[in-house]
Amino acid sequence: MSPPAGLARTSHLPSNEEVNGGVPGTGASGGDGKDPVRMPDGALVAKRDAPVGGQAVLEGVMMRGISVWAVAVRTPEGQIEVESESIKPWAQRHRAWRLPIIRGVVALAESMKIGFKALAISANAQLEEDEEGEKEEIGGFVWGLTIFLSLLLAVGLFFVVPVGITSIFKDKLGSPLLFWLVEGILRTGIFIAYIAAISKMPDLRRVFEYHGAEHKTISCYEAGLPLEPETAQRFSRLHPRCGTSFLLVVMIVAIFVFAPIGLPAWYLLMLTRIVGVPIIAGISFELIKQAGKHRRHRWVRAIMWPGMQLQLLTTREPDLSQLAVAIAALEAVLAVEDPMGASAEDMVGIEVVA
């Protein structure tokens, strides 16, 4: 495949040693003598973890670092437009927001705010100009309504609906243990079915390709290699800190969080499922964070295996032009900061999902 215009072709592909933190030419493998870390798709992933995350948007990628986030979008004319904005993590404003569990909820809310803003930028970049050469951009009210409906759909479909259906058969199930097991299995089944269904939609395929480009680019950076499309292409399109894995962990953690509640009246069951969402999200965030840090351990990879399998549905192999967009977004972040060289003080309150 020929690289898009403006991209330099490189003949260098990373060796296992380079990918996993070893010294090229020494035969080292990450300095620990262990085999390279490979994901379920068989491709390589870096052993190191960097405070860099992001998400796919419409024809583009958003990358977030410690103090700045940037979104790069391929316009209908074929150009790459980059927009960046500085951030001060919410968790750095209050000490209480850095406590375990709470920090996960705060980080999730902050990520959603940035993500929706990046999505709005990418959507407006795809709009065509009118006869006067101007674009009628999507307004704030429309995006606010979109966010509200999205959250309503997520909570309703994955938390209220499962407990509602299970409540119909509550008397026949006979025990709280069986009730929350059935509810949890139903919730997880609905979630997986939903992901499988949307993965078949042609309009979302390119978003999933950019999702893969985001993961490959982050892994390439974590491995300490040059950010070049052909080098990044060698890496896995899956990542231990992916939000898809996070969502699956949420479904599973919910089973254990709701179990002690037992079988109160149906309306209390509904209320607990709504109120419990932040707690579940906070616990799940802690688990994903630890998985990213300890990805080289086999037991961690075994635990995260289901989430990795789900990423096979929410990511697709990107082409070089899509990788160039992801790299442009990350380079905009790196032009302002050095995430790998951040001090402990800089890292206070920093929680990112790939």
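The values are calculated or read from the model by the stated rules, or taken from the named source; none is laboratory data. Quick caveat: nothing in here was measured; it's all calculated off a predicted structure. As a convention, Cβ positions derive from the backbone with ideal geometry for all residues, glycine included, and neighbour counts pool all protein chains shown. With ligands, DNA and RNA removed, areas are computed over all heavy atoms of the protein, side chains included. Shrake-Rupley method; radii C 1.70, N 1.55, O 1.52, S 1.80 Å.
A few remarks follow.
- Residue match in region 207-216 (condition: open to solvent by 10 Å² or more (accessible area, probe 1.4 Å) and not in a helix (DSSP H, G or I)): no
- Number of positions in region 325-349 that are free of Cβ contacts under 8 Å to residues at least 40 places away in the same chain and either within 19 Å of residue 228 (Cα to Cα) or of a type in the set (Asp, Glu) (or both): 3
- Boolean, residue 346 is among the charged types (D, E, K, R), modelled with pLDDT of 90 or more, open to solvent by 60 Å² or more (accessible area, probe 1.4 Å) and over 19 Å from the mean Cα position of the chain (by Cα): no
- Scan region 102-149 for residues that are in contact with a Lys or Arg (Cβ under 9 Å, 6 or more places away or on another chain), modelled with pLDDT under 80 and assigned to a helix (DSSP H, G or I) and the total you get is 1.
- Helices (runs of 4 or more DSSP H) completely within region 240-354 that count 1 or more residues being closer than 23 Å to residue 155 by Cβ: 243-258, 266-275, 277-293, 298-314
- Filtering 196, 223, 232 for residues that are closer than 16 Å to residue 314 by Cα and either open to solvent by less than 60 Å² (accessible area, probe 1.4 Å) or at pLDDT below 90 (or both) leaves a single hit, 196.
- Region 151-206 holds helices (runs of 4 or more DSSP H) entirely within its bounds, and those carrying 1 or more residues that are more than 22 Å from residue 111 (Cβ to Cβ) and β-branched (Val, Ile, Thr) map to 161-168, 176-198.
- Top-ranked residue of region 17-36 - restricted to ones that are open to solvent by less than 30 Å² (accessible area, probe 1.4 Å) and in contact with a Ser or Thr (Cβ under 9 Å, 6 or more places away or on another chain), ranked as modelled with the lowest pLDDT: 22
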